[in-house]
1. For the peptides 16-24, 431-439, what is the packing order when you average, over each peptide's residues, the other Cβ atoms within 10 Å and list the highest mean first?
2. Helix-derived [θ] at 222 nm for the chain: sum -39500 (n - 2.57) over DSSP H runs of at least 4, divide by residue count, nearest 500?
3. Round to a whole angstrom and tell me the spacing of the C-alpha centers of segment 310-343 and segment 104-177.
4. Need one number: nm distance between label points at residue 140 and residue 370, each 7 Å from Cα along Cα→Cβ, rounded to one decimal.
5. So what's the angle, to the nearest 10 degrees on a 0 to 90 scale, between helix 482-496 and the longest Cα principal axis of the chain?
6. Taking amide hydrogens as modeled 1.01 Å from N in the peptide plane, which residues meet the under 5 Å criterion relative to residue 187, leaving out close sequence neighbours?
7. So what's the angle, to the nearest 10 degrees on a 0 to 90 scale, between helix 256-271 and the longest Cα principal axis of the chain?
8. Assuming R0 = 56 Å, what is the FRET efficiency of residue 229 and residue 384, from their Cβ-Cβ distance, to the nearest 0.05?
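Just so you know, all these numbers are worked out from the coordinates, no wet-lab data involved. This is a predicted model, so every value here is computed, not measured. Please note: Cβ atoms are built from the backbone with ideal geometry, for glycine as well, and neighbour counts cover all protein chains shown.
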Amino acid sequence: MAKERTSVRMQTQIKVMSEQGHSLRSIARVLKLSRRTVRKYLESVGAPPSESGGWEEKIDWDYVRQEVYGKGTTVKQIGQEVAPEIAYVKFWRVFREQTGLKASPEQVTIRLNHKPAEKTQVDFCDGVFITEPDSGKKILTQFFLGVLPFSSYTFGEFVLDQKLPTFIGVQQRMFAYFGGVTPYLVVDNLKSGVHKADLYDPDVNPTYCDFANHMGFAVLPARPYKPKDKGSGECHIGVLQRDFFQEIRNRVFYSLEELNETLRHYLERLNHQVMKDYGVSRAQRFEEEKKQLKALPYSPFELSEWRRAKVHPDCHVQVEKNFYSVPFVYVGQQVRVRLTDKLVEVFSEDSQSLSAHSRLTGIGKFSTYDSHFPEQKLCVARFEVHHAKQQAQKLGPNVEQLIDKLLSTDYPLRHLRRVQGILRLAKRHPITAQALDHACQRALSFNKTRLSYIKGCALYFVTHGQRPTLLAPSRQADTVHLHQLLIHSETTEEEIL
C-alpha cells in the first residue's frame, strides 16, 4: 500500500511549530503524525544548501507569481525561464512554498453590494430541444434569463432565436413579470443589443437604444470576456442548468408553450424557496424591492428598423424601392432612416430630424413635400407641369386625361418624372401618337399607370395593332340549339315512361 503523502501545508506547520520550540514528540502528537515523519521533514529543513548554491534566493518570486497567476503562464514554462538548471519537480515544490500561501492580486475579488431596484442583468444560453409533432425534427431553443441582483428574483423564457425582435419582446415580458423597470440593464455583447463591442465606448444597437429610451432604462454593456460584470445572471443560469435542465432531461416537449409553462412552475418554486444565505426567499426580498421599481410605460413599444441612405440630386432618398423627400441642403449626404410599420423618419448624422413620411407600399412610389425643393427649382418644376399638360393635349384625349390624373394630386411633383417619361415615349421610341393614346386608354381602364405598362401596350399596338374586341355571337329566336334539343329529348322519354 502506497504511503500517504504529507501536504505542503502540513509540512509548513511542522516547520512553524519547530521554530516555536515544540519538541518532536509534541509536534507529532498535535498534528497526529508519526515521529519518523516529523523527523524526516525537520531534517530536510536543516539540510545543507544544494550544489546550485541557494538558487531559491536568486529568483524573484513576486515576478513568478505575477506571471503564473496574472498572465496564466505555466509553472513549468516559468521554471525553464528563470531556473533552467533546476528540475521541474524541485522548482514546483519551492514554488508552492514561496507562493502557494500567498494570493496574487488577480485572485482577489470584491463582493458587490447591489442596491434594491438598481439593475437588471440579462443573458442568453443554449436551451433544450423541442420536437416537431409532424416530422419529429428536433429544434434547439435559446434560453433567456433576467435577474434582479439585489433580491435574486428570476425570470426566464425559452425562445427560438436571439434576433432583435425576439430580444426586445422577451424583455418586455420580463419587465411585465417584474411589474416595473430598473434604471440600468446589464446586457451581454450580442448583436441584438450591442452593435459594436468596445472596452470603453461600446456602440449600442440603435433600435435597442430606442427601446431603452421608451422603457426608461440605460444600457450597460458588459466588458468583453468579463462574465463577472453580470455575475448574478451567470450564476442563475448555472442554477437552472443544474436544476431545471436536469429535472426535465427525460421529457419530450412538442412546443415552446408547453416548455415555458413547465419553466414557469419551476420559477415559481425557485423564487419562493428559502435561500440559505439570507433565511428568506427571493419573493420575500423582491416584495421590498418592487416598491422602488420605476413604472412601466403606458404605450407599447413600436419596433423600428434603422438604415442608412444617400440623398439623391432630386432631394429624395430611396428606401425599399420607394422614394421620400428630404430638404435640398442635404443632397449628396448620408442620412439615417428609421422605419416603423406606418412611418418613415429621416435623420441627419447628428440625429437631427429632417422629415417624416407615411410609409408607402408597393414599388416606385414617391412621398414629396414641395418645401424640400429650392424655390427657383420649384418654379421651373411648376413650369414643366404646365408644359406637360399642354404637350399631352397634342397627343390625344386619353393621354391628356391620364396626365391630368397624375398631376392633379396634392403633390403634383411626385409623378413629374413619370409624366415626362410617358410623353417622351412618342419621341424616343417607334411609338406613334395613336399608339400612345391607345396605351393611355388601357392604362385608365385597368388603373395601371406605370410607365413600363404603358410602354408595353404602345409597342404591342405598333406591332400587332389594336386587340380584337370579344363579342357574343348573335342568335335568331327560332333557332334550336344542341343543348335545347338534348333537354327536349330527355323530357319526351320521361313522358313515354
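1. Per-residue Cβ counts within 10 Å, averaged per peptide and sorted highest first, yield 431-439, 16-24.
2. Working: 19 runs with 209 residues, N = 497.
Here the helix-only value at 222 nm equals -12500 deg cm²/dmol.
3. 38
4. With each label point 7 Å from Cα toward Cβ, the separation is 6.0 nm.
5. Approximately 90 degrees, to the nearest ten.
6. 220, 222
7. 40
8. Efficiency for this residue pair is about 0.35.
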